[in-house]
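The values are calculated or read from the model by the stated rules, or taken from the named source; none is laboratory data. Bear in mind the structure is a predicted one, so any value in this text is a computation, not a measurement. A quick note on method: Cβ atoms are made from the backbone with ideal geometry, for glycine too, and the neighbour counts reach across all protein chains shown.
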Amino acid sequence: MDALTELNIIGLGVSGVLLAMACVKADRVRAWRAGINPSAPEVSDASFTVARVALVAMAGVGIWTCVQGFGVADDMEWSDGELTSAVRGAADDLDGYTYRTDQSGTPLYFDDYETLIRDKVTENGGGDAPSTGVTAEPAPANTDADAYFTVAANGTEKAFCTHIVRTRSKKHDYTPPGITGGEGTVTFPGYRLAVGTREGAC
């Protein structure tokens, strides 16, 4: 349970206490005050009415605030279903994905596989899913041609193992017109990804 949810629960508890205080009978309060301080002035019925209205109003505001807070907390966390759907959607989007690299092998369209997976999962999360909180933990032995990532997200204990296999795709090479290097024409090599996913960490 995150801190915001705990705070909302405490807020509901305080609101409940305020409502309980508003329900206490005036005669009981008068008897309690007389027992503590017999010389204290009598409290009028109008004062009790004002106090009850104030307590109920404060409890109402507290409950409304907590309900809104639960909505905010839900928007900040992923559910099992949201992550499952998003990871499968991301794997479908990336299966067959093509891209090019520069001469050093650095992808031209994204930073790295980890970022690519994380962005695609977030993109496939849908309107109710958070826009943050997704992680894609790479396996230690990953290479550019064969890589595994454990995908997880805040709010759920589910995890998915996403496997990427990269193959050379010469039909996706690109040679910019008029650009040459030290050894002749510059070509940006193309690659194709095969992507699959399964439930559970890698």
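What helices (runs of 4 or more DSSP H) completely inside the range 9-105 contain at least 2 residues that are modelled with pLDDT of 80 or more and more than 30 Å from G126 (Cα to Cα)?
In the range 9-105, 45-76 are the helices (runs of 4 or more DSSP H) which contain 2 or more residues that are modelled with pLDDT of 80 or more and more than 30 Å from G126 (Cα to Cα).
Summed over the range 165-182, the residues that are at pLDDT below 90, β-branched (V, I, T) and in a strand (DSSP E or B) give a count of 1. Test S85 against the criterion of being under 15 Å from T197 (Cβ atoms) and among the hydroxyl-bearing types (S, T, Y), and give yes or no. Spelling it out, S85 is indeed under 15 Å from T197 (Cβ atoms) and among the hydroxyl-bearing types (S, T, Y). Picking from residues in the range 94-106 that are under 17 Å from T162 (Cβ atoms) and not aliphatic (A, V, I, L, M), the one that is surrounded by the fewest Cβ atoms within 10 Å (Cβ to Cβ) is G96.
The requirement of being touching a Phe, Trp or Tyr at 6+ places or on another chain (Cβ under 9 Å), surrounded by 13 or more Cβ atoms within 10 Å (Cβ to Cβ) and in contact (Cβ under 8 Å) with a residue 40 or more places away in the chain is not satisfied by H163.
Here's a check for you: in the range 109-129, which residue that is in a loop (DSSP other than H, G, I, E, B) and modelled with pLDDT of 90 or more is farthest from Y191 (Cα to Cα)?
First, pick out the residues of the range 109-129 that are in a loop (DSSP other than H, G, I, E, B): 109-112, 124-129.
Filter again for modelled with pLDDT of 90 or more, leaving 110-112, 124.
Values: F110: 13, D111: 15, D112: 14, N124: 23 Å.
This residue is N124.
Of the residues examined, T115 is one that is surrounded by 12 or more Cβ atoms within 10 Å (Cβ to Cβ) and either polar (S, T, N, Q) or not assigned by TED's automatic domain parsing to the domain that holds D95 (or both).
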